[in-house]
1. Roughly how tilted is helix 55-85, in degrees to the nearest 10 and between 0 and 90, from the longest Cα axis of the chain?
2. Let me have the 222 nm mean residue ellipticity of the chain computed from DSSP H runs of 4+ only, each contributing -39500 (n - 2.57), with the sum over all residues rounded to the nearest 500.
3. Could you check how much of the accessible area of the chain is carbon and sulfur, as a whole percent, using a 1.4 Å probe?
4. Using the basic label-point model (7 angstrom from Cα toward the beta carbon), what is the Gln82 to Arg11 distance in nanometres?
5. Just to confirm, what accessible area per residue do you get for the range 1-84 at 1.4 Å probe, in whole Å²?
6. Assign one of three labels to the range 32-83, namely rounded, prolate or oblate, based on the Cα gyration tensor with a ≥ b ≥ c the square roots of its eigenvalues; rounded applies when a/c is under 1.5, prolate when it is not and a/b is larger than b/c, and oblate otherwise.
7. For the chain, what Kirkwood radius comes out of the mean inverse Cα-Cα distance, in Å?
8. What is the spin-label model distance, in nm, from Ala36 to Phe60 if the labels are put 7 Å beyond Cα along the C-beta direction?
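The values are calculated or read from the model by the stated rules, or taken from the named source; none is laboratory data. Note that the structure is predicted; figures quoted are calculated from it, not measured. Cβ placement follows ideal geometry from the backbone for every residue including glycine, while neighbour counts extend to all protein chains displayed. Note: accessible area is taken over every heavy atom of the protein model, side chains too, but ligands, DNA and RNA are not part of it. Shrake-Rupley method; radii C 1.70, N 1.55, O 1.52, S 1.80 Å.
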Amino acid sequence: MTVTPHSDEARPGDGLVKVGGIMFIAGAVATLATMAPLFLDVDPFPSYAWAVCMLMGVGFAISAAGVLRSAAAQRRAARASQEARGVSG
């Protein structure tokens, strides 16, 4: 039987997933804002505004790293639990 931590306990990778999600949302909003002038027939934003759109990809990568870190920690915990019970695999 596995022990599931309570929802209020911070697990490895949770912070990365939260930060990555915030960065992804900021990048998505920036993408919508920089695309709007193309449809509204006004002057486009400068190139640094387009660079902010890259936060979407960076946020996704950071969140993925957090998920991988969480999975690795769960794998280590499961392996330690099996070794403590004397189960060999």
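1. Helix 55-85 sits at roughly 0 degrees to that axis.
2. On the way: 3 runs with 64 residues, N = 89.
Mean residue ellipticity, 222 nm, calculated: -25000 deg cm²/dmol.
3. Working: 4650 of 6890 Å².
After summing per-atom areas, the C and S share lands at 68 percent.
4. 1.8
5. On the way: 6370 Å² over 84 residues.
Value for the range 1-84: 76 Å² per residue.
6. Details: a/c = 11.90, a/b = 5.14, b/c = 2.31.
Here the range 32-83 falls in the prolate category.
7. On the way: mean 1/r = 0.0634 Å⁻¹.
The answer is 15.8 Å.
8. 2.3
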